[in-house]
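The values are calculated or read from the model by the stated rules, or taken from the named source; none is laboratory data. Since the model is a prediction, treat every value here as computed from it, not as a measurement. No Cβ is skipped: glycine too gets one built from the backbone with ideal geometry, and neighbour counts run over all protein chains shown.
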């Protein structure tokens with residue numbers, strides 16, 4: 001190789017590096033200075049972290065039974081199983097309720113476990129069968145319009161089930177996300193009861209954006225404040241809305257802590273829990289945020 005050409009190339013490389021070095025330093029500095037705020041009563045920067053075994057790498061929905069922390073119940077994307085374990089356990093148990101499917105969220109309500117499949121089909125079975133053998137599974141099709149769903153919540157105080165659409169057919173996710181209200185009848189059947197809407201323009205404005213497409217991955221109601229906590233893995237935010245679904249605040253999530261947040265719930269002491277999917281390198285986890293009065 002020509003010595004003069006090599007010398008010229010090295011000088012060019014050095015000049016480019018000197019030119020862009022301040023920009024790189026500035027970007028790193030801005031990233032280090034980014035502050036992630038939290039809803040009142042919580043610090044989303046300081047979780048208690050529980051790693052999960054391999055069969056819960058793709059954990060999504062989580063729930064407690066009547067807020068009791070002796071067992072956390074969960075499901076994952078691939079199998080028709082409900083898992084149960086105490087946080088910190090190295091092994092988890094499960095019961096099979098159905099065939100394989102893309103299950104995204106769950107709720108425990110009035111002695112029934114309700115599972116949400118991503119296509120909007122719901123499955124229910126008696127809570128009392130989890131630790132023996134599940135034989136009473138029922139499926140509910142046609143209650144929800146065509147679309148993709150990831151958020152399900154049981155509001156025991158109101159006596160209703162809420163399902164939030166991640167992306168429904170014909171819906172513009174940059175404008176609104178439609179939710180559906182369901183009721184669990186005395187015979188265990190699930191029936192329609194109404195619907196609601198989340199204003200995405202308000203979310204964009206509070207996030208400092210002109211326009212976004214919002215794709216919720218989980219929701220839960222804070223029983224103390226009556227506020228809705230809406231999680232989005234795609235957007236990496238936690239949205240807080242009032243009891244009537246009016247957006248009140250938006251909290252960006254630190255991607256270093258929230259790799260793929262999909263499940264969200266509260267326990268009886270109002271501590272907040274968020275589950276994250278893992279990958280081939282990192283295990284799934286559950287983060288607990290202690291409630292501070």
## Note on the structure
Of the residues in the range 60-78, those that are closer than 19 Å to residue 232 by Cβ and either out of contact with any strand residue (DSSP E or B) (no Cβ under 9 Å at 6 or more places or on another chain) or outside any strand (DSSP E or B) (or both) come to 77
### Query
So which strands (runs of 3 or more DSSP E) stay within the range 154-200 end to end and still have 2 or more residues that are in the same structural domain as residue 217 (by TED's automatic domain parsing) and loosely packed, with under 14 Cβ neighbours inside 10 Å?
190-199
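Pick out, from the range 82-124, the strands (runs of 3 or more DSSP E) lying fully within it that include 3 or more residues that are surrounded by 22 or more Cβ atoms within 10 Å (Cβ to Cβ) and assigned by TED's automatic domain parsing to the domain that holds residue 186.
Working: elements: 93-96, 103-109, 112-117.
Per the criteria, 103-109, 112-117.
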### Task
Could you grab me the full set of residues in the range 235-260 that are part of a strand (DSSP E or B), touching a residue at least 24 places away in the same chain (Cβ under 8 Å) and more than 16 Å from residue 43 (Cα to Cα)?
241, 247
### Message
Residues that are touching a helix residue (DSSP H, G or I) at 6+ places or on another chain (Cβ under 8 Å) and more than 25 Å from residue 191 (Cα to Cα): does the range 97-108 have at least one?
### Response
no
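Taking the condition at pLDDT 95 or above, on the phi > 0 side of the Ramachandran plot and touching a strand residue (DSSP E or B) at 6+ places or on another chain (Cβ under 7 Å), does residue 120 pass? Working first, answer last.
On the way: at pLDDT 95 or above: yes; on the phi > 0 side of the Ramachandran plot: yes; touching a strand residue (DSSP E or B) at 6+ places or on another chain (Cβ under 7 Å): yes.
So residue 120 passes the test.
If the requirement is being in the same structural domain as residue 46 (by TED's automatic domain parsing), part of a loop (DSSP other than H, G, I, E, B) and surrounded by 16 or more Cβ atoms within 10 Å (Cβ to Cβ), which of these qualifies: 274, 212, 281? Walk me through it before giving the result.
Values: 274 fails: part of a loop (DSSP other than H, G, I, E, B); 281 fails: surrounded by 16 or more Cβ atoms within 10 Å (Cβ to Cβ).
It is 212.
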### Task
For residue 136, state whether it is in the same structural domain as residue 109 (by TED's automatic domain parsing), at pLDDT below 95, farther than 28 Å from residue 202 by Cα and part of a loop (DSSP other than H, G, I, E, B).
yes
### Task
Kindly indicate whether residue 138 is under 25 Å from residue 67 (Cα atoms) and without any contact (Cβ under 8 Å) to a residue 40 or more places away in the chain.
no
